[in-house]
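Read the structure below first, then the notes.
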Amino acid sequence: LTTTQVPVLSTGDIKALTTTEVKALTSGQVAVLTTTQVAALSAAQVGALTSTQAAALTATQMPALTAAAIAGLGSVQVAAIGSAEIAVLTSAQIPALAVAAVAALTTTETAALTTTQVAALTATQIAGLTTSQVAALTTTQVPVLSTGDIKALTTTEVKALTSGQVAVLTTTQVAALSAAQVGALTSTQAAALTATQMPALTAAAIAGLGSVQFMALTSSAVLALTTTEFAALGTAAIAALTTTETAALSTSDIVALTKNQLTALTTTDIVALTTSQMAALTTNQIPAFATSQIPAFTTTQFAALSTSQIPAFTSAQIGAMTTAQIGAL
């Protein structure tokens, strides 16, 4: 059939083509199929296209493929389709692409997807992206990912995010992160988290922060944590607090610290506690300090304790005090 004859075939004729006949079409014949004919193609017929035939599809033809037909595209065909053709896929076609087909997009094609196309990707497709594709997403594309997409990111994909991508995550997206995903962040990524994003992390996600991530956080990010988030921090994160950060904690944050967290404070952090923070300690918290921590307190800190707090010390803690500390009480 000539390129003049092919366009006059009816949709019935197109639908009647067997997959073997479809494979017999030349790239020239494929290129002259009308949009009406393209719309008549089935998933099986589209899946039968060779890479040479797929490469012949035009930007005019691509939007005409039905969602059902699009589902027939495999990684071989998608890899052969031109960037201009990928760029015109509709938001109805994008979700119909097979996971393998999406994973076949080049990093250039991935970065060229419109925000509408990115928003149309399903959580399953997102989970199937390669690390190169994840890293290729632009800072304009990342914010349009749904919470479902964010939750679908594997820890390997999370590690592939650039610091620039992490910095543009919306608070809604940050709130969707799991403890495993937060725990997968590299120090470079953690350093990119902003003071605006930090309060959005759930208590469950905060628990995923380890010493590596916590030490990388900026002081403004650390101090932006809510009282609830502070209470959820693991002991490794607490131990990673700098003296500047410790001294800047609000009295509400101090009161929220648990027994295990208080025990995790380093001796340098203890020295950094302000008199206001000392005065805020509850009678339930004071007995939590280990005897090894007691000598680190300064006489000024002990002098700030109220008469109602002093009786909360255990006999073991009193035994660990220096004479100067006892004199300051």
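Data overview
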quantity	calculated
Residue 47 vs. criteria open to solvent by less than 30 Å² (accessible area, probe 1.4 Å) and among the small types (Gly, Ala, Ser)	no
Members of the range 210-238 found to be open to solvent by less than 10 Å² (accessible area, probe 1.4 Å) and over 22 Å from residue 166 (Cα atoms), listed by number	238
Residue check, residue 100 of a type outside the set (Val, Ile, Thr), open to solvent by 50 Å² or more (accessible area, probe 1.4 Å), over 30 Å from residue 198 (Cβ atoms) and in contact with a Ser or Thr (Cβ under 9 Å, 6 or more places away or on another chain)	yes
Selection within the range 152-167 - open to solvent by 50 Å² or more (accessible area, probe 1.4 Å) and either touching a residue at least 40 places away in the same chain (Cβ under 8 Å) or part of a loop (DSSP other than H, G, I, E, B) (or both)	154, 162
Options 203, 207: the member that is under 14 Å from residue 236 (Cβ atoms), open to solvent by 40 Å² or more (accessible area, probe 1.4 Å) and modelled with pLDDT under 95	207
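Every residue, every condition in (1) more than 32 Å from the chain's Cα centre (by Cα); (2) open to solvent by 20 Å² or more (accessible area, probe 1.4 Å); (3) among the hydroxyl-bearing types (Ser, Thr, Tyr), yes or no:
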residue	(1), (2), (3)
39	yes, yes, no
57	yes, no, no
61	yes, no, no
68	no, yes, no
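The values are calculated or read from the model by the stated rules, or taken from the named source; none is laboratory data. All values reported here derive from a predicted model rather than from experimental measurement. We place every Cβ from the backbone using ideal geometry, glycine too, and count neighbours over all the protein chains shown. Side chains are part of the model used for accessible areas, which takes the heavy atoms of the whole protein and leaves out ligands, DNA and RNA. Shrake-Rupley method; radii C 1.70, N 1.55, O 1.52, S 1.80 Å.
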